[in-house]
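**Student:** Before anything else, here's the structure in question.
Derivation of every value follows stated rules applied to the coordinates shown; laboratory data play no part. Owing to the predicted nature of the structure, the values given are computational and were not obtained by experimental measurement. We place every Cβ from the backbone using ideal geometry, glycine too, and count neighbours over all the protein chains shown.
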Amino acid sequence: MAERRSPVAASSESPGFPAHPDKQSGRTPSKQAITVLLRAWGEGDEQSLEKLTPLVYAELRRVARRFMARERSGHTLQATALVNEVYVRLVAGQERSKDLLAVDDALTALATLEPRKSQVVDLRFFGGLSVEETAEVLKVSPETVMRDWKFAKAWLARELRQGNS
């Protein structure tokens with residue numbers, strides 16, 4: 001099935017945010033279409049994010065309206081204000097997601113180049129083990145663990161700086 005494209009207009013209800021792209025037809029995009037866009041964005045396709053953003057915002061507005069309809073009469077919270085707050089938090093979350101992906105990429109590269117140093121990071125940072133416990137697990141001296149730990153931290157910091165520049 002061919003993807004139907006329609007213009008995205010600014011919503012009069014929430015200035016600066018896109019309206020639902022299929023507002024004229026009243027159709028909502030399928031969950032499958034949204035999943036395809038999410039996967040493409042996750043693989044680095046920035047145009048998918050541009051297509052996805054108005055769909056997610058429209059869905060947030062729909063859910064907020066339904067939620068707000070159940071509130072007591074006379075309440076002061078507006079559905080649009082609620083959605084705008086969630087939207088801002090989601091956008092901030094996108095940056096964190098990119099950062100986490102960069103850390104994961106760097107850790108994967110470290111594991112390929114320096115497997116023991118990667119194990120030290122896993123055990124110390126993710127496992128919460130002490131230097132002595134890590135040394136015991138890896139059957140090396142605590143001094144070796146400290147050297148590996150210092151190297152890994154410096155290497156990861158360099159990789160992350162280079163990835164952000």
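**Student:** Going through the stretch 53-139, which trypsin sites (Lys or Arg not before Pro) have at most 14 other Cβ atoms within 10 Å and a DSSP loop state?
**Tutor:** Counting only loop positions with at most 14 other Cβ atoms within 10 Å, the trypsin sites (Lys or Arg not before Pro) in the stretch 53-139 are Arg70, Arg72, Lys139.
**Student:** Would you list which lysines come within 20 Å of Lys98, measuring only between C-alpha atoms, while excluding same-chain residues fewer than 8 positions from it?
**Tutor:** Those lysines meeting the cut-off are Lys51, Lys153.
**Student:** Give me the lysines in straight-line cross-link reach of Lys150: C-alpha distance below 17 Å, same-chain residues under 8 apart excluded.
**Tutor:** Lys117
**Student:** Report the local net charge at Arg124: Lys and Arg +1, Asp and Glu -1, summed over other residues whose C-beta lies under 10 Å from its C-beta.
**Tutor:** My count for the surroundings of Arg124 gives -2.
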